[in-house]
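Here the structure comes first, spelled out in structure tokens, and everything after it is commentary.
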Amino acid sequence: MLVYLGGVRNGLGLLAVRRAYLLSRSAHTSPQTLEYRPIKKVMVANRGEIAIRVFRACTELGIRTVAVYSEQDTGQMHRQKADEAYLIGKGLPPVAAYLHIPDIIKVAKENNVDAIHPGYGFLSERSDFAQACEDAGVRFVGPSPDVVRKMGDKVEARALAIQAGVPVVPGTDAPITSQQEAHEFAKTYGFPIIFKAAYGGGGRGMRVVREYEELEENYQRAYSEALAAFGNGALFVEKFIEKPRHIEVQILGDKYGNVIHLYERDCSIQRRHQKVVEIAPAAQLDPHLRDRLTSDSVTLAKQVGYENAGTVEFLVDKHGKHYFIEVNSRLQVEHTVTEEITDVDLVHAQLRVCEGRSLPELGLKQDKIRINGCAIQCRVTTEDPARGFQPDTGRLEVFRSAEGMGIRLDSASAFQGAVISPHYDSLLVKVISSGKDLPTAASKMLRALAEFRIRGVKTNIPFLQNVLSNNQFLHSTVDTQFIDENQDLFNLKRTQNRAQKLLHYLGHVMVNGPTTPIPVKAKPSSTDPVIPPVPLEPILLHLIPSLSHPHILSLFLSLCRFCEVAKENGMDIFRVFDSLNYLPNMLLGMEAAGSAGGVVEAAISYTGDVSDPMRQKYSLDYYVQLADELVKAGTHILSIKDMAGLLKPESSRILITALRDRFPDMPIHVHTHDTAGAGVAAMLACAEAGADIVDVAVDSMAGMTSQPSMGAIVACTKGTKLDTGISLEKVFDYSEYWEVARGLYAPFDCTATMKSGNADVYENEIPGGQYTNLHFQAHSMGLGNKFKEVKKAYAEANKLLGDLIKVTPSSKIVGDLAQFMVQNSLSRAEVEERADELSFPLSVVEFLQGHVGIPHGGFPEPFRSKVLKSLPRVEGRPGATLPAIDFKKLEADLKAEHGSEITPEDVMSAAMYPKVFKEFKEFRRSFGPVDRLSTRLFLDGPNIAEEFEVELERGKTLHIKALALGDLNKAGQREVFFELNGQLRSVLVKDTVAMKEMHFHPKALKDVRGQVGAPMPGKVVEVKVKQGQKVEKGQPLCVLSAMKMETVVNSPLSGTVAKVYVKTDTSLEGDDLILEITE
């Protein structure tokens, strides 16, 4: 009797049913013709974990094993697990090698192979391969060629299912030959429909179409996928069942007509029709439905005379109705969960059945098969769920797997050092957990997934952990739309990977040197300082955030938020200053600090010399009047910020006396630098004149461009009315600590290039911190022997810019211009004369535009107008017209880019310094928590054979030993070897010097007018033009950055860009060719 499901009669003709029936009658083999023939040698015509799975079963049964491999698989583990291994498909593409039947049969015959196991995928469901084995006298571990053909032809399989009384989904009665046939089917049964590969499974060649507009594209994609995966692009069409459960039944038959089932598996958790997680048995499955599914499966298998292992797949709709979809005449990827709950080794059974054993002989009777507990399989793949499961390739730097009770692993080439290629499936390892029920098995699986440590490639483990933790998964039923309907599964927890990232950093330093630009070759000291047993009691902590940067001033609320966050982090005193003493900027900062509940210290930046009657731009009256405004505005402390150390003892007495007389009750705080060596005398003069606080540095860090000596001040005031009450012994202990600590920073120590202070600071007025930095910059840019010229140029640049107050960032502007002048051998007069054609540093241009504020006395003219030409100018307070910062949106954007662990401090950092913050996060993402390294290791890296510890957090300490540095490979990399917690680790690091030597950048020829060269060494930040573009004289061409200084390279002439030789991040030396312009 035939049972039809709505409309199938029209879709599947009676002739097809009759043909299927007749074919099935000849499927049964008479038992009398069979005999037991033991197998001595088995070849697996496959690769990866399934090949190894079969080899293990063979070894357990005493059967010799043979592997085959493609040219791309020479390093794969399945070669090593077999007793013999042979190359196939020489010269063929990776997949084609495993589809090359003649080569496989040839290897089998030449090596006396008794049987070939096809595994899954590749040739496993190709009847022509099963027939080729039979023709060659080699047994095929699977159904007969005829049954493989019937089951592989999904249309014929449908006919057989109908004949057996098994309900089917409406579909075509033969593979379609055109898109038009698919259209006709959709008109009959309606959308949605689904294309399926006629000669294979695994989700390949499968596409759901929900409307007519999608039909053509999905037809073409399904056809090409099927053709690539199975060598045949034939497709058939079915009505698509919405949100079904995907349940499959494991069957096992012998050559004598015996067929049993081993219960079902739930494979509903799928992504793009590919199974992700499989469960046995299916959760909350109605017992009557289970009986129908298993009964129909056995009936269908007997109908066709099925032998060996196979799977009958069904869809179960929301009403509990089941529909046959296909038979997979092979071992399934997920056969493992069935083995775990039934205690039946399916591969053993396959091999024994192939030898001629009956199921009863093997003890496999239906009444003996019982479900014992629950098993889950997760397919760990090298795919990135955060990027649409895009496959990732590369080298496994770390592979540490899980183990323990209830955990089984089936893997292949999952080991440290293995290379994940793009040629094959992304499956890395199958993890199978088993327990008394689903929650128990899930908890074991979660524990196992958490134990894995896989570094070097992305994996889907975070996604699998979310699935296993999902409430619906654990306590309800899931359908094939589970992943699509639970987008929270993609809220992935980022892996920390701290240890491996730190090894990458250490390896990078060992190969390429410090990541921080260091102008001198001094090495950090190998001695770590010992913290003094009695720390010095602080008088006033010099941890005062300075509110001066124009980007902070985008809105008053932005400043308030900054101050609030700083206050919450323990900041009490806010020093508010402006690099130009521009009052509108200062008032804004003061109000913000006060509103946050902080102590406001308004600081006047000092320059010039109030004791010199010839220097009147910054006179005593200027400072007193400015102080008046700040006191009126409500400052709690008045500060003099002498960044260049220009306060002489007499000028100190004059200035502080005047301020004390004007403001008798106002606390006065003085900060200076000791570049000229007169700092102690100047600070003592300030104290005598009425200053309440003076800044000093501990003796071992004092002098030169730092602050005056603490010990000297303490000693000189001892026993006087200014006695500090500080014990000199404590000062000495404190100084000793910092003396040792200073040795750790030897590469940055100013004494590496400076041997003493210099009184010429009274002429050039270079701030102390900048004096050191400028010296380093000069050395790094090849101007070390011209530092005297740089200092003179600094004074000239200052005059060019109108005699500025020089504090960050205004001091940097002057310094950038000075180095530009020396680099290009320009005098002050030449700069003034050629101002309209020179490519000035970006900081200079932006200052003249008004981005920093309005300097006292105004901008220098006509210099400003010549430089700016038609560039826009900022009028009034910088930032006043900038839009408000939406902190909530900024926080959301940062979390989307960097993960959920974004703090209020991160938000403020990104708001003020977006580029620096992004670079910081990218650095940490690449190299991990480098702040856990000691200073010496951070700067210089470890020595070979050096052992050290890194404490990641309380209770987590890494034990590391640097082992060796490898030779340069063809990719310009060196392998660096470590021992981490007793295990060998290695990282591949690009040798930047070697990479540079492999590349030669052309130089700009000075006598060729249209060749534009780099005015200084640096990195390309932005290219503003492209080939073929017309440019005008003075138009910006690109932006270079070197040692924090950005320079806009302008066009020296009008014309057309003939060729661009650089791109963003290109590193250039001086005069390297940037582009060519033709007139």
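The values are calculated or read from the model by the stated rules, or taken from the named source; none is laboratory data. Computed from a prediction, not measured in an experiment: that's the story for all the values here. Virtual Cβ from ideal backbone geometry, glycine too; neighbours counted across all protein chains shown. Protein only, heavy atoms only, side chains kept; ligands, DNA and RNA dropped before computing areas. Shrake-Rupley method; radii C 1.70, N 1.55, O 1.52, S 1.80 Å.
Per-structure values
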read-out	value
Residues (assigned to a helix (DSSP H, G or I) and touching a Gly at 6+ places or on another chain (Cβ under 7 Å)) located in segment 793-831	Tyr794
Failed item, numbered, when Ala994 is tested on (1) at pLDDT below 90; (2) open to solvent by 60 Å² or more (accessible area, probe 1.4 Å)	(2)
Unique residue being part of a strand (DSSP E or B) and within 23 Å of Glu846 (Cβ to Cβ) when the list is Thr1047, Thr1056, Thr1064	Thr1047
Flag for Gly75 being over 19 Å from Gly142 (Cβ atoms) and open to solvent by less than 10 Å² (accessible area, probe 1.4 Å)	no
Selected residue (criterion: most open to solvent (accessible area, probe 1.4 Å)) from residues of segment 140-154 that are touching a Ser or Thr at 6+ places or on another chain (Cβ under 9 Å), within 16 Å of Ala234 (Cβ to Cβ) and in a helix (DSSP H, G or I)	Arg149
Residues of segment 582-630 classified as open to solvent by less than 50 Å² (accessible area, probe 1.4 Å), in a helix (DSSP H, G or I) and among the hydroxyl-bearing types (Ser, Thr, Tyr), total	2
Any pair with Cβ under 6 angstrom, 6 or more apart, that starts in segment 179-191 at a residue that is under 11 Å from Phe240 (Cβ atoms) and ends at one that is of a type outside the set (Ser, Thr, Tyr) and at pLDDT 85 or above	Ala186/Ile193; Tyr189/Lys239; Phe191/Arg210; Phe191/Glu211
Residues that are open to solvent by 50 Å² or more (accessible area, probe 1.4 Å) and either outside any loop (DSSP other than H, G, I, E, B) or out of contact with any Lys or Arg (no Cβ under 7 Å at 6 or more places or on another chain) (or both), drawn from segment 517-536	Pro517, Lys521, Lys523, Thr527, Asp528, Val530, Ile531, Pro533, Pro535
Subset of segment 888-907 that is open to solvent by less than 50 Å² (accessible area, probe 1.4 Å) and at pLDDT 90 or above - its residue that is nearest to the chain's Cα centre (by Cα)	Leu894
Subset of segment 334-363 [open to solvent by 10 Å² or more (accessible area, probe 1.4 Å) and under 22 Å from Ile247 (Cβ atoms)]	Glu339, Glu340, Thr342, Asp343, Val344
Matching entry among Ile539, Ile552 (being at pLDDT below 90 and more than 23 Å from Thr903 (Cα to Cα))	Ile539
Looking only at segment 191-217, and only at residues there that are aliphatic (A, V, I, L, M) and in a loop (DSSP other than H, G, I, E, B), the one that is least open to solvent (accessible area, probe 1.4 Å)	Ala198
Hey, Val987 part of a strand (DSSP E or B) and closer than 21 Å to Pro514 by Cβ or not	yes
Filtered residues of segment 563-581 (kept if out of contact with any Phe, Trp or Tyr (no Cβ under 8 Å at 6 or more places or on another chain) and surrounded by fewer than 23 Cβ atoms within 10 Å (Cβ to Cβ))	Glu564, Val565, Lys567, Glu568, Asn569, Gly570, Met571, Asp572, Ile573, Leu580
Residue check for Asp410: open to solvent by less than 50 Å² (accessible area, probe 1.4 Å), of a type outside the set (S, T, N, Q) and within 24 Å of Thr59 (Cα to Cα)	yes
Matching residues, segment 922-960, being among the acidic types (Asp, Glu), out of contact with any Pro (no Cβ under 6 Å at 6 or more places or on another chain) and closer than 22 Å to Leu744 by Cα	Asp931, Glu946, Glu947, Glu949, Glu951
Cβ-Cβ under 6 Å pairs, at least 6 apart or on other chains, segment 811-832 side over 14 Å from Pro1015 (Cα atoms), far side open to solvent by less than 50 Å² (accessible area, probe 1.4 Å) and assigned to a loop (DSSP other than H, G, I, E, B)	Ser811/Pro767; Val814/Lys806
Among residues of segment 708-735, those that are over 18 Å from Pro649 (Cβ atoms), open to solvent by 60 Å² or more (accessible area, probe 1.4 Å) and either hydroxyl-bearing (Ser, Thr, Tyr) or under 53 Å from the mean Cα position of the chain (by Cα) (or both), counted	4
Residues located in segment 655-675, provided they are among the aliphatic types (A, V, I, L, M) and crowded, with 21+ Cβ neighbours inside 10 Å	Leu655, Ile656, Leu659, Ile668, Val670
Test result for Phe923, more than 17 Å from Val565 (Cβ to Cβ) and open to solvent by less than 80 Å² (accessible area, probe 1.4 Å)	yes
Condition met for Asp296 (part of a helix (DSSP H, G or I), open to solvent by 10 Å² or more (accessible area, probe 1.4 Å) and free of Cβ contacts under 8 Å to residues at least 12 places away in the same chain)	no
Out of Val312, Val347, Val333, sole residue that is modelled with pLDDT of 95 or more, closer than 23 Å to Ala157 by Cβ and among the β-branched types (Val, Ile, Thr)	Val312
Failed condition for Gly91, given (1) without any contact (Cβ under 8 Å) to a residue 24 or more places away in the chain; (2) more than 20 Å from Ser426 (Cβ to Cβ); (3) outside any loop (DSSP other than H, G, I, E, B); (4) among the small types (Gly, Ala, Ser)	(3)
Enumeration of residues in segment 422-478 that are under 24 Å from Gly121 (Cβ atoms) and of a type in the set (Lys, Arg)	Lys430, Lys458
Pair list, Cβ < 9 Å and 6+ apart or interchain, from segment 674-691 residues that are touching a residue at least 24 places away in the same chain (Cβ under 8 Å) and at positive phi to residues that are β-branched (Val, Ile, Thr) and open to solvent by less than 10 Å² (accessible area, probe 1.4 Å)	Gly690/Ile656; Gly690/Ile668
Number of the exception - Ala685 against (1) under 25 Å from Leu626 (Cα atoms); (2) open to solvent by 40 Å² or more (accessible area, probe 1.4 Å); (3) part of a helix (DSSP H, G or I)	(2)
Test: residue in segment 103-119 that is free of Cβ contacts under 8 Å to residues at least 24 places away in the same chain and open to solvent by less than 10 Å² (accessible area, probe 1.4 Å)	no
Residue that is surrounded by the fewest Cβ atoms within 10 Å (Cβ to Cβ), among those in segment 123-139 that are within 17 Å of Thr311 (Cα to Cα) and under 45 Å from the mean Cα position of the chain (by Cα)	Arg126
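For every residue, the table says whether it meets (1) modelled with pLDDT of 95 or more; (2) in a loop (DSSP other than H, G, I, E, B); (3) within 30 Å of Ser413 (Cβ to Cβ).
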| residue | (1), (2), (3) |
| --- | --- |
| Met1 | no, yes, no |
| Ala27 | no, yes, no |
| Ala51 | yes, no, yes |
| Val68 | yes, no, yes |
| Gly75 | no, yes, yes |
| His78 | no, no, yes |
| Tyr86 | yes, no, yes |
| Pro102 | yes, no, yes |
| Val107 | yes, no, yes |
